[in-house]
Structure formats: structure tokens, C-alpha cells
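None of the figures in this text is laboratory data; all of them are computed from the coordinates on show. In this text, all values refer to a predicted model and were calculated from it rather than measured experimentally. Cβ sites come from the backbone with ideal geometry, for glycine too, and all protein chains shown count toward neighbours.
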Amino acid sequence: MTRHLLTGAELTADELAGLLDRAAELEADRHASEALAGRSVALVFEKPSTRTRVSFEVGVSELGGTPVVLRGDELQLSRGESPRDTARVLSRYVAMIGIRTGDHGPVEELAAHGDVPVINMLTRDHHPCQALADLLTLRERFGDLDGLRLAYVGDGNNVAVSLMVLGAKAGVDVVVACPAELAPPEAAVELARAGATGRGAATVTDDPRAAAAGAHALYTDVWVSMGDDPSVAAGRRAALGGYRLDEELLAAARDDAIALHCLPAHPGEEISEGVLYGPRSAVWDQAENRLHAQKALMELLISGA
Ligand code: CP
Ligand code: NVA
């Protein structure tokens with residue numbers, strides 16, 4: 001059966017653990033796998049990207065494959081061709097499809113109608129590839145993921161949702177601290193809880209200090225996402241001023257806690273410059289880990305295709 005990664009819920013806890021083990025192996029030897037030799041992968045970007053674009057393109061190449069990077073406006077999708085027809089056609093050329101877009105529905109439609117694995121490279125609702133890299137980063141720093149506590153502070157967005165879904169599955173106690181009006185959708189919290197294993201959990205609070213207490217990692221993301229109307233910016237600044245990842249919040253976490261951010265960051269807004277560039281920041285390893293985690297993901301998906 002064709003496998004996809006749309007939310008992260010598709011992976012079993014064992015598959016997730018195996019994927020992270022494999023990612024660590026591929027980090028140690030970047031050319032250890034030829035899983036995509038002779039195959040091509042379509043990478044569709046309807047939104048801007050630095051990390052996802054480059055890490056997927058390099059990752060496909062390092063697995064022996066050929067990346068075919070497509071901007072949304074280069075495809076007939078932008079002129080109304082359906083995701084359904086696009087999926088059927090691309091399946092005749094390529095071995096896998098990655099897509100970054102706004103609405104989540106078209107990604108599900110691609111997966112439903114193509115014959116090849118589809119990878120969600122970010123929608124307004126989910127960013128599972130980011131969470132895979134985040135878990136790899138936690139694993140590198142702390143070893144066993146089961147029982148770790150991760151506090152996400154800020155907007156309850158796609159990144160927060162994917163951390164809950166994949167973190168809880170890996171046994172991580174994920175706490176999202178945000179104002180009630182910016183909380184992740186209840187259905188996403190339920191999805192995370194339904195897949196939780198071990199000491200994994202997904203909770204939402206409006207108290208950033210309570211969330212940070214005892215945390216192994218503090219995480220934040222931008223206050224205005226690509227899927228948001230830019231007019232929300234002023235309101236977000238007002239609502240999220242108390243949810244910054246700064247030195248004071250870091251002091252409330254464990255002494256060995258690390259700071260995470262999926263990037264791009266706005267130093268001085270959601271994260272202080274001192275934390276972003278300071279000794280407890282793991283964000284650059286986190287960005288690198290996109291490459292290793294996604295290579296392990298592509299290897300897994302192609303093995304079942
Ligand atoms: N973190 C992340 O997805 O970065 P890009 O938007 O640069 O791909
Ligand atoms: N929440 C951000 C993540 C960017 C990688 C966005 O969707 O724009």
C-alpha cells in the first residue's frame with residue numbers, strides 16, 4: 001500500500017523510532033543509502049522556503065535520486081487543474097511527491113488520487129517534517145525521548161500541532177502555552193492524544209511559566225505564519241507579548257534545557273537575540289536535522305511504494 005506523510009499520524013510509534021534511528025545513521029554517513037537511485041521526486045512549492053527546499057533537494061540527490069523542484073505558479077495547478085489530475089499525471093513520472101501549500105485539503109487529494117507517496121512539506125495545519133527533525137534534535141541531546149518534556153510557547157500553529165502529534169507519539173510530554181484564542185484546534189490535540197505512547201502527552205495552557213517548569217526544551221515559532229493574513233500582525237504582537245522565548249523563560253526550565261525554533265526567526269519578537277544565538281540554542285542542529293530526518297522518511301516511504 002502506498003504510504004504518505006500528511007500529518008505524522010500515519011506512522012506507528014515503532015516506525016517513528018526506527019526512522020529517527022535511521023536518520024542518525026544517515027547523519028553519520030550521508031551517502032549510506034541509494035534508496036532513490038534512478039528515481040525522481042517532484043517537490044512542489046506554493047509557498048516560500050529556505051530549509052525545506054534545500055534540505056529536500058539535497059536529500060533526494062544524496063539518496064541517488066533526481067529532485068524536480070516546481071514552483072506553484074509553474075504548474076497548471078495555478079490555473080485550476082485539480083490536485084486529483086495533477087497527482088495522476090505526476091505519478092506517471094516520479095516516485096514521490098512533496099508539496100508545500102496553504103490548505104491541507106489539496107495535499108490529501110494528491111495522496112488520495114496518485115499512486116506514489118506524498119509528503120506534506122507544510123500546510124497551514126501541519127508541518128510534520130519539521131517535527132521529525134525536532135525529535136531527532138532532542139534525541140541527540142537527551143537520548144531516549146520517552147518522558148522528555150517540551151514546552152512550546154507562542155502561536156498554536158502548524159508547527160505546534162505537528163510537535164504534539166509526533167512528539168506525543170514518541171513519548172514526549174508536549175505542552176503548548178498560548179493565549180486561548182490562538183490555541184491549536186481541539187481536533188489536532190485529540191489526534192495527538194490518540195497516538196500518544198509511553199509518557200507522551202499533549203496539553204494546552206495559557207501559562208508559559210508553568211509550561212516551562214521542568215522542560216528539557218523550550219520551543220517557539222513566528223507569530224504570523226505564511227498562511228495568515230498579514231493584517232493579524234498587530235493583534236498577534238499584543239496577544240503574544242507574554243509568550244516570548246527569552247532568558248527569563250529559559251531560566252524557568254531545567255538547567256540543561258535547550259532552545260528550539262523551526263526558523264525563520266524574528267529575533268527580538270518571538271525569541272530574544274540572546275537565546276537564539278546563545279549557548280543553549282540548538283536551532284542550527286535542528287535546521288541541519290531536516291536533511292537527515294527527511295532522507296530517512298523518503299527511504300521509509302519508498303520502501304513501501
Ligand atoms: N522551518 C522551515 O520549514 O523553514 P523553511 O520555511 O525555510 O522551509
Ligand atoms: N508557522 C510557520 C512555519 C514556517 C516554517 C509558517 O507556517 O509560516
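What's the longest piece of the chain with no exposed chymotrypsin sites (Phe, Trp or Tyr not before Pro), counting a site as exposed if DSSP puts it in a loop and it has at most 15 other beta carbons within 10 Å?
The answer is 94-276.
Using the Karplus curve 6.51 cos²θ - 1.76 cosθ + 1.60 with θ = phi - 60°, what ³J(HN,Hα) values do you get for each residue of region 135-140, in whole Hz, with x for Gly and Pro?
After applying 6.51 cos²θ - 1.76 cosθ + 1.60, I find 5, 4, 5, 5, 4, 4 Hz.
Using amide H atoms built in the peptide plane, which far-off residues or other-chain residues are under 5 Å from VAL68 H to H?
Those lying under 5 Å, H to H, from VAL68 are VAL41, ALA42, LEU43.
As I understand it, the dipole of region 73-186 uses +1 on the Cβ of Lys and Arg and -1 on the Cβ of Asp and Glu, about the Cα centre. Which of LEU166, VAL118, LEU77 lies farthest toward its positive end?
Farthest along the dipole direction, towards plus: VAL118.
Would you look at the GNM of the chain, springs on alpha carbons closer than 10 Å, and say which of PRO279, PRO208, PRO83 moves the most?
PRO279
May I ask for the net charge around GLY274, where only other residues with Cβ less than 15 Å from the Cβ of GLY274 are counted and Lys, Arg are +1 while Asp, Glu are -1?
Once positives and negatives cancel, what remains is -4.
Give the separation of the Cα centroids, region 1-67 to region 84-109, in Å.
So the two Cα centres are separated by 16 Å.
Take ASP115 and THR12, extend 7 Å from each Cα along the Cα→Cβ direction, and tell me the distance between the two endpoints in nm.
Placing both labels 7 Å beyond Cα along the Cβ direction yields 2.7 nm.
Check LEU148: other-chain or 5+ apart residues with amide H under 5 Å from its amide H, H built from backbone geometry?
Sorted by chain and number, the residues that satisfy this are ASP173.
Work from the charge dipole of the chain (Cβ charges, +1 for Lys and Arg, -1 for Asp and Glu, about the Cα centre) and give the residue of ALA194, LEU263, THR101 farthest towards its positive end.
THR101
Explain nothing, just the number: relative contact order of region 173-218, from Cα pairs under 8 Å at least 6 residues apart, as a whole percent.
Relative contact order comes out at 54 percent.
Tell me the relative contact order for region 186-305 as a rounded percent, counting alpha carbon contacts under 8 Å between residues six or more apart.
Answer for region 186-305 is 24 percent.
Give the distance, in whole Å, between the Cα centre of region 192-222 and the Cα centre of region 148-183.
Centre-to-centre distance over Cα atoms comes out at 5 Å.
Within 10 Å of each residue's Cβ, count the other Cβ atoms and sort ASP29, ASP221 from fewest upward.
Fewest to most other Cβ atoms nearby, the residues stand as ASP29, ASP221.
Under 8 Å for C-alpha pairs, at least 6 residues apart: give me the relative contact order for region 133-198, rounded to a whole percent.
Relative contact order comes out at 36 percent.
Short version: ³J(HN,Hα) in whole Hz for each residue of region 10-23, in order, from phi by Karplus 6.51 cos²θ - 1.76 cosθ + 1.60 (θ = phi - 60°), x for Gly and Pro, what are they?
The phi angles translate into 5, 8, 6, 4, 5, 5, 5, 4, x, 4, 5, 4, 5, 4 Hz.
For helix 283-303, what angle does its Cα long axis make with the longest principal axis of the chain, in degrees from 0 to 90 and rounded to 10?
Here the helix axis deviates by roughly 40 degrees.
Size of the dipole of the chain about the Cα centre, Lys and Arg at +1 and Asp and Glu at -1 on the beta carbon, nothing else charged, in debye to 20?
The calculation lands at about 440 debye.
Using θ = phi - 60° and the Karplus relation 6.51 cos²θ - 1.76 cosθ + 1.60, list the HN-Hα couplings for region 165-175 in order, rounded to whole Hz, with x at every Gly or Pro.
Taking θ as phi minus 60°, the curve returns 5, 7, x, 4, 5, 8, x, 8, 7, 9, 10 Hz for region 165-175.
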